[in-house]
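Written out below as structure tokens is the structure these notes cover.
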Amino acid sequence: MNDKNLKNGFTRRDFFKNSAAASALMMGAGFLASGCSANGASRPGDAKNVIFMVTDGMSIGTLTSTDMTMRRKLGRISNWIDLYEKNKCRRSLMDVAPLDAIVTDSAASAAAWGCGHRVPVRKLNMGPNDEVYTPILTHFKNAGKSTGLVTTARITHATPAGFAANVTHRNMEDEIAEQYYEREHDLYMGGGDRHFDASKREDGRDLYGDFSTKGYQVVKNSSELASASTGGKLLGVFSDGHLPYELDRTSTPDLTNSVPSLTEMTEVALDRLSRNSNGFILQVEGGRIDHGAHGNDLGGLIYDQIAFDDAIGVVLRFQEENPDTLVIITTDHGNASPTLNRSFNGYEATEIEFDRIQNFKYTNDWVLNGLDESSSVNYIRERVEEATQIGITSGQARILQQALRGEHRALYEMMSPPDATLGAIMANYTSVNWTGTSHTGDYVQLAALGPGSDKLNGFTINTELFYLMAESAGVSVEA
Ligand SMILES: [Zn+2]
């Protein structure tokens with residue numbers, strides 16, 4: 001890897017150069033036997049479809065604790081770890097740094113995959129001097145492929161927008177929604193009503209009306225999604241902001257009925273996009289794992305990661321039936337490094353404490369939404385117990401009360417707000433603790449299978465995935 005190129009934000013690897021000779025060498029070394037391309041090396045254009053799955057803000061402890069919870073509660077291995085265990089994919093660690101920092105945000109991270117350039121944090125597919133880089137969905141659309149975005153965050157949020165928009169700041173979500181309209185991708189599903197509804201947008205523009213005029217079916221809840229006809233373009237917006245956390249969604253009948261799961265949205269997307277005989281590209285984001293980590297909210301984190309893993313299952317079944325599909329599964333950065341520690345009460349106690357996650361009914365976010373600076377110690381205890389079945393002590397509730405009043409000061413100051421305070425209190429009962437409330441600089445997990453995945457090395461620079469997707473699909477990105 002050329003460091004000078006990296007500093008300029010540009011890293012290109014020609015994945016298929018000398019690929020025949022290289023793969024012959026690797027086969028001789030038994031390399032492919034341990035990878036996923038049992039039928040030999042892939043060639044440019046072998047991947048008719050590309051599915052990019054990103055769980056936002058997943059530290060390795062999130063993947064681990066989720067897999068352990070799934071095994072212990074549901075009696076099954078996670079789809080992600082199953083890929084590793086059965087050697088069904090190529091694995092890599094990925095450096096996700098942005099152009100101008102050593103810890104990234106979601107915008108710069110998604111843009112590196114989305115345009116092949118490292119860009120400054122908060123920018124989407126625009127360089128340090130506002131250079132405009134064509135996003136990958138535009139390249140695929142120009143090549144005659146269908147294009148789609150699915151997320152549990154606002155559809156205009158940084159990660160989906162990283163594949164489709166050009167803005168100088170990720171907060172320009174009204175503009176991102178307009179670019180989605182202008183660029184006419186086939187399918188958008190997620191939250192973010194506030195950026196489409198005329199009564200909520202600053203400029204009063206009725207973007208839903210505009211999308212409808214252009215021939216989009218616009219759906220706003222599960223039943224409308226279920227009854228949408230299968231042809232044509234689709235805009236599905238199921239919440240004012242982000243979609244609810246999976247734990248709260250499944251514990252609240254109104255939300256269960258009205259908001260589709262990530263799995264349901266992914267099934268709809270694959271069904272619709274795969275009707276194009278030229279193939280498609282789809283990004284599927286588990287958008288709220290990141291928020292669970294920011295909030296040190298174990299229930300929010302784990303159950304959204306399980307939901308993401310369920311969506312992986314849908315995608316893997318599709319890939320099995322459509323082996324000319326490149327599937328990439330990764331995250332854009334770590335966040336807060338949740339980790340199962342040996343319990344203060346000993347090794348034997350650790351699993352009893354960890355298994356308490358299985359009884360959670362609501363997230364910490366739900367707990368805190370019902371509390372304020374006037375909440376009594378008793379009420380705080382009741383609300384925590386209703387959500388988690390855990391009875392915290394009066395002393396702990398008093399510390400949370402102080403945090404709610406802005407009077408609590410943790411030694412690591414990032415940990416002073418109510419969410420981090422509650423997260424630390426809960427760590428006494430679950431043995432899962434956090435290092436902070438923000439993104440980390442860790443290298444991240446990357447799994448890939450299908451045509452092109454055999455070109456991945458054990459260590460990847462984020463921008464390389466842009467070229468891997470384009471070259472594997474035979475899509476020109478020179479424009
Ligand atoms: Zn974040």
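The values are calculated or read from the model by the stated rules, or taken from the named source; none is laboratory data. Predicted model, so just to flag it, every value in this text is computed and none were measured. Don't worry about glycine lacking a Cβ; one is built from the backbone with ideal geometry, like all the others, and counts go over all protein chains shown. Note: accessible area is taken over every heavy atom of the protein model, side chains too, but ligands, DNA and RNA are not part of it. Shrake-Rupley method; radii C 1.70, N 1.55, O 1.52, S 1.80 Å.
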Could you list, in sequence order, the residues of the stretch 195-231 that are exposed (fewer than 13 other Cβ atoms within 10 Å of the Cβ) and under 17 Å from Met265 (Cα atoms)?
Ser223, Ala226, Ser227, Ser229, Thr230, Gly231
Cβ-Cβ distance below 8 Å, separation of 6 or more or different chains: which pairs start in the stretch 95-115 with a residue that is more than 16 Å from the ligand (Cβ to nearest atom) and end on one that is open to solvent by less than 10 Å² (accessible area, probe 1.4 Å) and at pLDDT below 95?
Leu99/Gly9
Options Gly192, Gly231; residue that is modelled with pLDDT under 95 and either out of contact with any Lys or Arg (no Cβ under 7 Å at 6 or more places or on another chain) or of a type in the set (Gly, Ala, Ser) (or both)
Gly231
Could you check Ala473 against (1) surrounded by fewer than 18 Cβ atoms within 10 Å (Cβ to Cβ); (2) closer than 30 Å to Pro44 by Cβ and say which number it fails?
(1)
Out of Ala293, Ala307, Ala311, sole residue that is within 16 Å of the ligand (Cβ to nearest atom) and in the same structural domain as Thr104 (by TED's automatic domain parsing)
Ala293
With respect to Gly450, determine if the residue is open to solvent by 30 Å² or more (accessible area, probe 1.4 Å) and either under 20 Å from Tyr362 (Cα atoms) or away from the ligand (no atom under 16 Å from the Cβ) (or both).
no
Please determine, by comparing only the residues of the stretch 336-363 that are in a loop (DSSP other than H, G, I, E, B) and small (Gly, Ala, Ser), which one is surrounded by the fewest Cβ atoms within 10 Å (Cβ to Cβ).
Ser337
The helices (runs of 4 or more DSSP H) lying entirely within the stretch 75-161 that contain at least 1 residues which are under 23 Å from Asp442 (Cβ atoms) and β-branched (Val, Ile, Thr) are 79-85, 158-161
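For (1) in contact with a Phe, Trp or Tyr (Cβ under 8 Å, 6 or more places away or on another chain); (2) not hydrophobic (A, V, I, L, M, F, W, C), each residue gets a yes or a no:
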position	(1), (2)
Ile390	yes, no
Gln396	no, yes
Leu404	no, no
Asp419	no, yes
Ala424	yes, no
Trp434	no, no
Leu446	no, no
Leu468	yes, no
Any residue that is modelled with pLDDT of 95 or more, small (Gly, Ala, Ser), more than 22 Å from Gly295 (Cα to Cα) and under 22 Å from the mean Cα position of the chain (by Cα) - is there at least one of those in the stretch 60-82?
yes
Determine the pairs where a residue that is farther than 21 Å from Leu207 by Cα, located within the stretch 229-245, has a partner that is part of a loop (DSSP other than H, G, I, E, B) and among the polar types (S, T, N, Q) with Cβ atoms under 8 Å apart, the partner being 6 or more residues away or on another chain.
Pro244/Thr252; Tyr245/Thr363
Within the stretch 164-275, strands (runs of 3 or more DSSP E) holding 2 or more residues that are within 26 Å of Val327 (Cα to Cα)
187-191, 234-237
